[in-house]
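Structure, as structure tokens:
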Amino acid sequence: MWAELVDALRERGVPVGDHRPLAATTPPLTAGPGRLDGDYRNGDTVFRVRTAESGVPVLTDATGLVADLTVHEDLTFTARRTDTDVAPYTGRFVTDRASGEIHLMQLGGRAARRTAAP
């Protein structure tokens, strides 16, 4: 619904910033999802990513969010909540250029720095 509201406001001359995520351009990640596991912090918010026994990475936070991640080879992802049918969140994992290790997770316009791995 947000996209439609932004379009309507722009048609009326209201300048509104918006970010519309791009569709995935690489296939789903099939190997090594455990390298995503860790805690990612943005201020007081801590996101946890852990790979379930099924091999699916799961995103959680202190608010009760539980979402299954579909991660693509370019490290973009969709996070689909397990408790509701709302549209999925989109994001990406960002690697350090020097080491290649994941050091950030971007989700919903927020960047969270990796603080620990299990």
Take region 1-21 and flag every residue that is basic (Lys, Arg) and at pLDDT below 85. Arg10, Arg20
Starting from residues that are of a type in the set (Asp, Glu) and open to solvent by less than 40 Å² (accessible area, probe 1.4 Å), keep the ones in region 22-51 and report whichever is modelled with the lowest pLDDT. Asp37
Over region 83-98, the set of residues more than 17 Å from Arg113 (Cα to Cα) and either of a type in the set (A, V, I, L, M) or at pLDDT 90 or above (or both) is Val86, Ala87
Filtered residue count, region 58-101, keeping only those that are under 13 Å from the mean Cα position of the chain (by Cα) and under 21 Å from Thr45 (Cα atoms): 22
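The values are calculated or read from the model by the stated rules, or taken from the named source; none is laboratory data. Just so it is clear, the structure is predicted and the values come from calculations on it, not from any experiment. To get the accessible areas, we keep the full protein, side chains included, count just its heavy atoms, and leave off ligands, DNA and RNA. Shrake-Rupley method; radii C 1.70, N 1.55, O 1.52, S 1.80 Å.
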